[in-house]
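To start, the structure under review is shown below, and the notes come after it.
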Amino acid sequence: MARLSIEEVSVDFGGIHALRDVTFELESGSIVGLIGPNGAGKSTLLNCVSGITRPSRGRVRLDEKVLSELPPASVAGCGIGRVFQHPELVADLSVQENLLIACHRSLGYGLVSELLKLPNMWKAERDAARRVEEVLGRLGLSDSAELTIRNLPYGHRKLVDLGRALLMDIRFLLLDEPIAGLNDAEVAKLRDLLLRLREELGLGILVVEHNMPFVSRLCDRLVVLDLGRLIANGAPADVLSAPKVMASYLGEDA
Ligand code: ADP
Ligand code: MG
């Protein structure tokens, strides 16, 4: 059981207060939706957790470890995976090859053993192939392993990107607007997949998403940001019927 704590986090960009004193927690095995109008600070918060943006004040902790003092690569090494809005994959390589590349980044054998093809490298290669196979199975992509990324539907590319995160042995997964560009069938499939990842791997999931039916059916809890401030944190039904949450969204429409 691990806990990700966002503690009194503020982020200033020049005169813009993108986040003001935001505090909430996310435990492994829970799925939290981060919602709020455009410009509320949602992406900035994900950036703070993944180490891309350093808080101006406050901190992010994984259990006792302070993540907000580490560079992004070290944050990833602590088991925080991030799926971006637009997957960055090598278009001319296959699904399997793209995932093997992700593995190699985390394998950690040196140049010398690579040149000499030492036994530990062969073992590492076999382990990588096995892990890729397992992740492909999890994603329901085993039949697409040999397909080139450029011939893959957009929804499948997003799954491959998620696969890259899974190969990093993550404990928490951050997703920024994962269903943008997906059709209804792909959305339903992604929701089932995220629920299964929580069930089978005990992942904690933090998802930024505009689609209210999607978040309320997926998440245990919703956190609402408005102009950088946390204005609600609770069960989806309670949060979505709270007057100040409705007012914040109505304000956006008006
Ligand atoms: P959301 O994802 O909720 O739409 P963002 O986190 O992207 O909101 O942005 C929050 C606020 O911070 C906005 O006013 C945005 O213009 C500003 N902002 C975000 N990133 C930067 C940046 N790198 N430099 C300056 N301002 C930024
Ligand atoms: Mg955003």
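Candidates Ala165, Ala180: the one that is in contact with a Lys or Arg (Cβ under 7 Å, 6 or more places away or on another chain) and over 15 Å from Val90 (Cβ atoms) is Ala165. Does Ile170 satisfy being touching a residue at least 24 places away in the same chain (Cβ under 8 Å), more than 16 Å from ligand 1 (Cβ to nearest atom) and outside any helix (DSSP H, G or I)? It is true that Ile170 is touching a residue at least 24 places away in the same chain (Cβ under 8 Å), more than 16 Å from ligand 1 (Cβ to nearest atom) and outside any helix (DSSP H, G or I). Assess whether Val60 counts as being closer than 23 Å to Asp12 by Cβ, modelled with pLDDT of 95 or more and within 16 Å of ligand 2 (Cβ to nearest atom). No. Within region 23-60, the set of residues being within 11 Å of ligand 1 (Cβ to nearest atom), in contact with a helix residue (DSSP H, G or I) (Cβ under 7 Å, 6 or more places away or on another chain) and aliphatic (A, V, I, L, M) comprises Leu34, Ile35, Ile52. The C-beta contact set for region 120-135 (first residue at negative phi, second residue assigned to a helix (DSSP H, G or I) and at pLDDT 90 or above, distance under 7 angstrom, 6+ apart or interchain) comprises Ala128/Leu100; Val132/Gln96; Val132/Leu99; Val132/Leu100; Val135/Leu99; Val135/Gly163; Val135/Leu166.
Against the numbered list (1) at pLDDT 95 or above; (2) small (Gly, Ala, Ser); (3) surrounded by fewer than 21 Cβ atoms within 10 Å (Cβ to Cβ), Ala18 comes up short only at (3).
So how many residues does region 1-21 have that are of a type in the set (A, V, I, L, M) and more than 11 Å from ligand 1 (Cβ to nearest atom)? Summing the residues that are of a type in the set (A, V, I, L, M) and more than 11 Å from ligand 1 (Cβ to nearest atom) in region 1-21 gives 5.
With respect to (1) outside the structural domain of Val245 (by TED's automatic domain parsing); (2) crowded, with 17+ Cβ neighbours inside 10 Å; (3) within 16 Å of ligand 2 (Cβ to nearest atom), the lone exception for Gln85 is condition (2). The number of residues in region 175-220 that are at pLDDT 95 or above, more than 16 Å from ligand 2 (Cβ to nearest atom) and not in a helix (DSSP H, G or I) comes to 6. Residue count for region 51-75 under the criterion of being more than 21 Å from Ile16 (Cα to Cα), within 15 Å of the chain's Cα centre (by Cα) and small (Gly, Ala, Ser): the result is 1. Does region 225-237 include one or more residues that are in a helix (DSSP H, G or I), of a type outside the set (S, T, N, Q), within 16 Å of ligand 2 (Cβ to nearest atom) and at negative phi? The answer is no; no qualifying residue exists.
The values are calculated or read from the model by the stated rules, or taken from the named source; none is laboratory data. Remember, predicted model here, so these are calculated numbers, not experimental data. Glycine also receives a Cβ, built like all others from the backbone with ideal geometry; neighbour counts cover every protein chain displayed.
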